[in-house]
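Inspection log for the structure reproduced underneath, given as structure tokens.
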Amino acid sequence: MPGPARPRRLRSALHLAAVAGLLALAACSPPPAAPPAGAATPAEAVTGLARLLRADDLAGFAVAAVPPDLHARLEAGWRAGQTRWPLEELPLDEHLPALLATLAAPGAEARLQAQFRRQFAGAGKELSAAAVSLGVFGLEYVAREPAFSAEERDHYAQQIRALSRWGAQAPLADPARARAAVAGLASAVRRSGLRGQADLARHGMDASLRRLGPVWRASKDGLARYGLDLDASLSSVQASLQRQTGDLAEVRLRYTLAGTPIDTLVAVQRVDGRWYLRDHLRNAEASLRPRPAPPARAAAP
């Protein structure tokens, strides 16, 4: 169920819609054999990435999603702190370094569980309402954001509706589920050896993504406790070629998310004889461009 990257504010909104009220939510095994870059057919460009996410192979995802020359530039950009692609394509956003540090800290489980009890325990109705409200906010954001294509708007809107419906019914206030989810995540983060931006830069993209594979697995296991089975969604992915003109094609993507059928179109592009999701190419390139400095704040009177 690969999806294009999106601006960070929207990524945060989508995450909130997905987990509405959950806690802000390694030593690595030998790396698996890397998959080839790209795919032989337009449809395989979609289904191949879904299989890699289902297998928790984040490093393989990064290899398959972009041509080799772009992959090499992304690896260099990771080490320079310039990019964290493809984390923007996944449910892992710019808050990841802080989340890693929080979960790896001694006593994180007890601290986060106490925070959950203070803020969320017994607040089932409030969390359900928050899921609905965040869904409305996400839909409005997608409709207004000028950077999205028509295909992106349609796909994101369907995802948000599905996740909002799930969040409104999920047992988000259950402390036992929260305890198990946090314990699994904290254990996976400690085994990864990643504690923040410095570790991500030191290890580089491929090695960091291999170490994050078990963290991705623990995240999926935690969400499954609340009825959101992402592996089932990834296994349900079907893709079929709709049209092709030269090196550009359109693929129909269908899968089930939180019990809701998703049916959308995805643009793919052929580069050096291999097929890639066009938005992944665009977003990976954009992540390497220098970002403008934030505007200076006016002095307080």
Odd one out for Ala108, checked against (1) at pLDDT 90 or above; (2) in contact with an Asp or Glu (Cβ under 8 Å, 6 or more places away or on another chain): (2)
All positions within segment 144-165 that are buried (at least 17 other Cβ atoms within 10 Å of the Cβ), in contact with a Ser or Thr (Cβ under 8 Å, 6 or more places away or on another chain) and modelled with pLDDT of 90 or more: His155, Arg161, Ala162, Arg165
Given (1) outside any helix (DSSP H, G or I); (2) under 30 Å from Ala110 (Cα atoms); (3) out of contact with any Asp or Glu (no Cβ under 9 Å at 6 or more places or on another chain), number of the condition Ala173 does not satisfy: (3)
Output for segment 32-77, where each listed residue is among the β-branched types (Val, Ile, Thr) and either touching a strand residue (DSSP E or B) at 6+ places or on another chain (Cβ under 6 Å) or in a loop (DSSP other than H, G, I, E, B) (or both): Thr41, Val46, Thr47, Val66
Number of the condition not met by Leu194 [criteria: (1) closer than 19 Å to Ala59 by Cβ; (2) assigned to a helix (DSSP H, G or I)]: (2)
Failed condition for Ala40, given (1) surrounded by fewer than 23 Cβ atoms within 10 Å (Cβ to Cβ); (2) touching a helix residue (DSSP H, G or I) at 6+ places or on another chain (Cβ under 6 Å); (3) at pLDDT 95 or above: (2)
Residue match in segment 176-194 (condition: in contact with a Phe, Trp or Tyr (Cβ under 9 Å, 6 or more places away or on another chain), farther than 20 Å from Leu112 by Cα and crowded, with 18+ Cβ neighbours inside 10 Å): no
Residues that are out of contact with any Lys or Arg (no Cβ under 6 Å at 6 or more places or on another chain), buried (at least 18 other Cβ atoms within 10 Å of the Cβ) and not hydroxyl-bearing (Ser, Thr, Tyr), drawn from segment 230-248: Val237, Ala239
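The values are calculated or read from the model by the stated rules, or taken from the named source; none is laboratory data. Because the structure is predicted, anything quoted here is derived from the model rather than measured. A quick note on method: Cβ atoms are made from the backbone with ideal geometry, for glycine too, and the neighbour counts reach across all protein chains shown.
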